[in-house]
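Below: the structure, in structure tokens.
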Amino acid sequence: MKTWFAQKTASEQTTILVLAGISFWCLSYAFIYLPIARNMEDLRNKNTLITSEIQQMQILAQQLATVTATPVTKVKVVTNIMSVVDKITQQQQLTASINSKGKDQVVVQFKQANFNAVMRWLAILTTDYPLKIIYLAAEKNSDGSNQLKIILSQ
């Protein structure tokens, strides 16, 4: 290679050296600088995303601290379990058969009910009132509605 280069004229040698230098810089740019620049841009994007997620989490943490700092509302006192269950059933626009089972228990039967609506009804009864679910049975009807039997207690 050295002999081949020595056989060239001075202007050819200069041209070869300039082209070799340009090729070196182009290859260095394409195979070293560009991949590093792309990775740095990806890292900047990830950093921006993570920073925004951290800010959202900090906002949520402040909201949580506010919620936990506020006093918890007292659970409503139930004097007549039948009337409470009947009232919430009507408020939720559900049709049910409600029967007393002793002093502190009530049996509620839904013949054709939307399962999610009954779960919302139960959530209200068990969070707003000191009622517990003693028994729950659910069966899907052929028309897609649900048949449920629930026993609630104080």
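The values are calculated or read from the model by the stated rules, or taken from the named source; none is laboratory data. Just so you know, these numbers come straight off a predicted model, no measurement behind them. Positions of Cβ are backbone-derived with ideal geometry, glycine not excepted, and every protein chain shown enters the neighbour counts. For the accessible areas, the whole protein counts, side chains as well, though only heavy atoms, and no ligand, DNA or RNA atoms are used. Shrake-Rupley method; radii C 1.70, N 1.55, O 1.52, S 1.80 Å.
With respect to Lys8, is the statement that it is farther than 30 Å from Ile133 by Cα, more than 29 Å from the chain's Cα centre (by Cα), at pLDDT 90 or above and of a type in the set (D, E, K, R) true? Yes, satisfied.
Would you confirm whether any residue within the stretch 50-62 is touching a strand residue (DSSP E or B) at 6+ places or on another chain (Cβ under 7 Å) and open to solvent by 80 Å² or more (accessible area, probe 1.4 Å)? The answer is no; no qualifying residue exists.
Does Asn116 satisfy being open to solvent by 60 Å² or more (accessible area, probe 1.4 Å) and not acidic (Asp, Glu)? It is true that Asn116 is open to solvent by 60 Å² or more (accessible area, probe 1.4 Å) and not acidic (Asp, Glu).
Of all residues being among the polar types (S, T, N, Q) and more than 18 Å from Lys149 (Cβ to Cβ) in the stretch 81-128, which is farthest from the chain's Cα centre (by Cα)? Just the residue, please. Steps first, please.
Within the stretch 81-128, the first condition is being among the polar types (S, T, N, Q), and the residues that meet it are 83, 89-93, 95, 97, 99-100, 105, 109, 112, 114, 116, 126-127.
With the extra rule that they be more than 18 Å from Lys149 (Cβ to Cβ), the set shrinks to 83, 90-91, 93, 127.
Values: Ser83: 37, Gln90: 32, Gln91: 30, Gln93: 30, Thr127: 23 Å.
Only one residue tops the list, namely Ser83.
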